[in-house]
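Colleague: Here it is, the structure, as C-alpha cells.
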DNA sequence: TCCAGGCGGATCGTTTTCGCACCACCCTTG
DNA sequence: CAAGGGTGGTGCGAAAACGATCCGCCTGGA
C-alpha cells in the first residue's frame, strides 16, 4: 500500500519544481523529500519525475497522477475546514492576515483589547509579507483594502468596512519653516516598487530633485518625519502622527474599502464570529479617521 | 499539517469499528493505530471517535470527516489504477482472484502454463477466502461464476466464459457395490453453510439417515471418495475424478456462467490483456468439461 | 459463577525514519 | 576563469515511530 502522505510530498515537488524547494515548503530536510519521492515511485512502479540537473520535471505519468493528487489535496483541505468549522470552543487558534501598515498604525491596539478580552484564544497576526490564502486555511480572517469590489474572491464571505482615504504629508516642522519663508529642498519620498501615484500632485509646497526611494512604509514615515520631503500616506497614518501634517493645497484620495473576509466553514467558528463582530464595531468608530475627516490640527 | 496517511488509519478504524480490527486490516500493530488516531485527533483538534469498551464509534464530527475521507480513498484508488494502467511492461505483478475449487481442480495447470510462458510476470493467485474487490485493486483479474448476469458489477468489464454445470456424485466403488445388489447406508454429504441444494434430488440410489456435514469442498470430495455418500459437485470436479461417478437417475444443473472480470484502467495493462486472452482460449476448450458433456465412462 | 475473548491503553526495546553535513555537478555572474 | 548559488545524491548519528508484550476492563456464554 502506498503512503498517502507521499502524495503530499509529490504535490510539493510537482509545484516547486525541485526537491529542495519542496522540502522548504514542507518544512523538512530535502533528503527526506528525496527518499519519500523515491519510495512513492517505487511503490507505484512508475517514474513520476525526470531527474534533470535543473530539478524535477513531471513525466507524462506524473501529469496524470498530479490531477488526482490535486483532487486529494482539495478534499483534504475541505476535511480540515469542515472539522475546524465545527469547533465551537473558545480555546484555540485564530489567525488574522492583513497589510503591515494596518496592523502597525491602526488595529494593533484593538487586537490587544480582543486578546485581553478572550485570553483563551491564541491569536496570530500574519502581517509579514503578502496575502495569505484563506482558501488554503493559511489564515482564518483576512483584513484587506479593496479598490474594486469585483476583485473580491467569490468563495469568501465579506463584511464591508469603512472607506479608506490617503493624503500627502510632510514634516510639521518643515511645514512651519516653509510658512516662515525659509524654504529648503523638498523631495518626493516613494516606495521603490510603487513610485509616485498618479493622483499625487504637489500642492503649494514644491518638490525639487529626484525622488528619495525607500523599501518599506516604516522607513517612508521616518524619512518624512525627518523632513526629507513629502509622501503619500493613508490618512490614518498621517493624521495620527503628531510630527506630520498634510501638505497645503493637496487633496485626499480614495484608497479603497476595508473588508473583513472569512471563509465558508471556518466562519461558523465561535472564535471567528466573535472576532469579526468585535472588529466590525471598532472599524465603525474608525470611519472618520480612515476617511481623513479628523486631521490633526495645524 | 496533518499526515494524510492518518486518514487511511482513520478509515480503517471507522470501517472496522475497533482499533484492533483496523490494525489487522492495515497489517500493523494495534498500538500504532492507537497512536496515529490520537495524533490525527490532536492535529485536527477534534474527537473523531467515542472510546467505548466495545470499540471505537464515530462521533458526529467523525461522520462528517468520514464522508471526505472516503472520497480521498476513492481518489487514491483511482490514482493507483491509473498508474498501473499505464504500465505496459511485462515484468510486474498480476493478481488473480477466483473461487478455490476453480483453482484447485481446473485452472491451476493453466496458470502454471501461463507462468512458464511469461516468467517475468509475478503471478499471485488469491483463492483463499472470499471475493477480492477489483475496484479496490485488491486483484487485477477476477474469475467468477455468475448465475444472474445482472448481478455483475457495472463498473467491471466482463469477458463471458462457458456455462458451468453441476451434478450429483458418489464413490465409483460404492456405485458398483450398489449395482451388485449390496446396498449400504448412503448419506448426503453437504457443506455446512450450504446444506442440500434445492435442485438436488436423489436418483436411483437412496440416502438414509442425517446429512454428513463438512466445512470445505476438499473435505467434501474426500468424503465422497471414501464412499460415505452422495454429494453435489461441479461437473469439472466430479467428472474429472476417476474415483467418482454420477449417481444414476440424477440430472445436471446449471451453476452459472464463468466470467473473466477486469477493471477500467488496469485492463489496458499488457499483463492483464495477455492473461485474459490466454485464459479465454483455455476456457473455450474446457466448455464441454464444465458443462458436464464429457463424463468419465462407467 | 467463572472463564474466555474481545476491547483500549501503557510500557519498553528495537527498527525505521529523519535531519545534518558533505559531495559532485551545472549554471550564471562578476 | 573563478566564485557563488542552485541542483540531486549519500553516509552517519540522533530521534521518532514501531512491534511485542503485558495490563485492566467489560461482555457473553458455559
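Colleague: Which FRET efficiency value, to the nearest 0.05, is calculated for residue A:51 and residue B:124 with the Förster distance at 25 angstrom and r the Cβ-Cβ distance? Before the final figure, lay out the partial values.
Modeller: Values: r = 31 Å, r/R0 = 1.25.
That pair, residue A:51 with residue B:124, gives E of 0.20.
Colleague: Sorted from shortest, what are the nm distances separating the label point of residue B:177 from equivalent points in the other copies, each placed 7 Å from Cα along Cα to C-beta?
Modeller: Spacings between copies for this position, smallest first, are 12.8 nm.
Colleague: Ok, one more. How would you rank A:148, B:239, going from fewest to most other Cβ atoms within 10 Å of each one's own Cβ?
Modeller: On the way: A:148 8, B:239 24.
By the 10 Å Cβ count, ascending: A:148, B:239.
Colleague: Could I ask something else about it? Would you list A:108, A:48 from fewest to most Cβ contacts within 10 Å? Kindly include the intermediate steps, with their values, before the conclusion.
Modeller: Working: A:108 13, A:48 23.
The order, fewest Cβ neighbours first, is A:108, A:48.
Colleague: For residue B:99 and residue B:154, FRET efficiency with R0 = 22 Å and r from the beta-carbon atoms, rounded to 0.05? Before the final figure, lay out each step's value.
Modeller: Details: r = 22 Å, r/R0 = 0.98.
So, using R0 = 22 Å, E works out to roughly 0.55.
Colleague: Another one. Which FRET efficiency value, to the nearest 0.05, do you get for residue B:281 and residue B:20 by plugging their Cβ-Cβ distance into 1/(1 + (r/R0)^6) with R0 = 51 Å? Please list the in-between numbers first.
Modeller: On the way: r = 46 Å, r/R0 = 0.90.
Here the calculated transfer efficiency is 0.65.
Colleague: Averaged across B:79-90, how many Cβ atoms of other chains sit within 10 Å of each residue's Cβ atom? Please list the in-between numbers first.
Modeller: Working: counts 13, 7, 1, 7, 12, 3, 1, 8, 4, 0, 2, 0.
For this peptide, the per-residue mean of nearby foreign Cβ atoms is 5.
Colleague: I would also like to ask the following. What distance in nm lies between label points placed 7 Å from Cα along the C-beta direction at residue A:184 and residue B:136?
Modeller: That separation, rounded to one decimal, is 8.1 nm.
Colleague: Calculate how many DSSP beta bridges within chain A are antiparallel, expressed in % of all such bridges and rounded to the nearest 5. Before the final figure, lay out each step's value.
Modeller: Working: 26 of 40 bridges.
Bridges in chain A are about 65 percent antiparallel.
Colleague: So the label point sits 7 Å from Cα along the Cα-to-Cβ vector; using that for residue B:117, what distances do you get to the other copies, in nanometres, sorted shortest first?
Modeller: For residue B:117, the inter-copy label distances come out at 7.8 nm.
Colleague: Next question. Can you give me the relative contact order of the stretch B:89-298 as a percent, contacts being Cα pairs under 8 Å and 6 or more apart?
Modeller: 31
Colleague: Next question. On C-alpha positions alone, give me the angle between the axis of helix A:4-16 and the longest principal axis of chain A, in degrees, nearest 10.
Modeller: Helix A:4-16 sits at roughly 50 degrees to that axis.
Colleague: Which of A:147, B:56 comes first, and how do the rest follow, when ranked by fewest Cβ neighbours within 10 Å? Write out the running numbers ahead of the final one.
Modeller: Working: A:147 11, B:56 24.
In order of increasing Cβ crowding within 10 Å: A:147, B:56.
Colleague: Between 0 and 90 degrees, rounded to the nearest ten: what's the tilt of helix A:108-117 against the longest Cα principal axis of chain A?
Modeller: So the inclination is approximately 60 degrees.
Colleague: Continuing with the same structure: For the stretch B:4-86, what's the relative contact order in percent, using C-alpha pairs closer than 8 Å and at least 6 residues apart? Could you put the intermediate results ahead of the total?
Modeller: Values: 74 pairs, mean separation 22.0, N = 83.
Once divided by the residue count of the stretch B:4-86, the mean separation gives 27 percent.
Colleague: Run through the other copies and list how far each one's label point is from that of residue A:45, in nm with one decimal, shortest first; the point sits 7 Å from Cα along Cα-Cβ.
Modeller: Copy-to-copy label distances at residue A:45, shortest first: 4.3 nm.
Colleague: If the chain between residue A:32 and residue A:88 were fully stretched, how many nm would it gain, using 0.36 nm times the residue separation less the Cα-Cα distance? Before the final figure, lay out each step's value.
Modeller: Details: separation 56, 0.36 × 56 = 20.16 nm, distance 3.67 nm.
Extra length from residue A:32 to residue A:88 when fully extended: 16.5 nm.
Colleague: Measure out, as a whole number of angstrom, how far apart the alpha-carbon centroids of the stretch B:1-75 and the stretch B:232-298 sit.
Modeller: One Cα centre to the other: 43 Å.
Colleague: Let me ask something additional. Within the stretch B:241-274, what residues put their amide N at less than 15 Å from the label point 7 Å along the Cα-to-Cβ vector of residue B:204?
Modeller: B:245-251
Colleague: Next up: Applying a 10 Å radius around every beta-carbon, put B:166-175, B:94-103 in order of their mean neighbour count, most first.
Modeller: On the way: B:166-175: 22.7, B:94-103: 20.0.
In decreasing order of mean packing, B:166-175, B:94-103 become B:166-175, B:94-103.
Colleague: Could you tell me which residue in chain B puts its beta carbon nearest the axis mapping B onto A, with the distance rounded to whole Å?
Modeller: B:4, 2
Colleague: Which one, B:158, B:45, B:227, has the greatest fluctuation when you compute a Gaussian network model over chain B with C-alpha springs under 10 angstrom?
Modeller: Of B:158, B:45, B:227, the most mobile in the Gaussian network model is B:45.
Colleague: Ok, one more. In degrees from 0 to 90, rounded to the nearest 10, what is the angle of the helix B:30-44 Cα long axis to the longest principal axis of chain B?
Modeller: 40
Where a number appears in this text, it was derived from the coordinates with a stated rule and is not lab data. Owing to the predicted nature of the structure, the values given are computational and were not obtained by experimental measurement. Neighbour counts run over all protein chains shown; Cβ positions are idealised from the backbone, glycine included.
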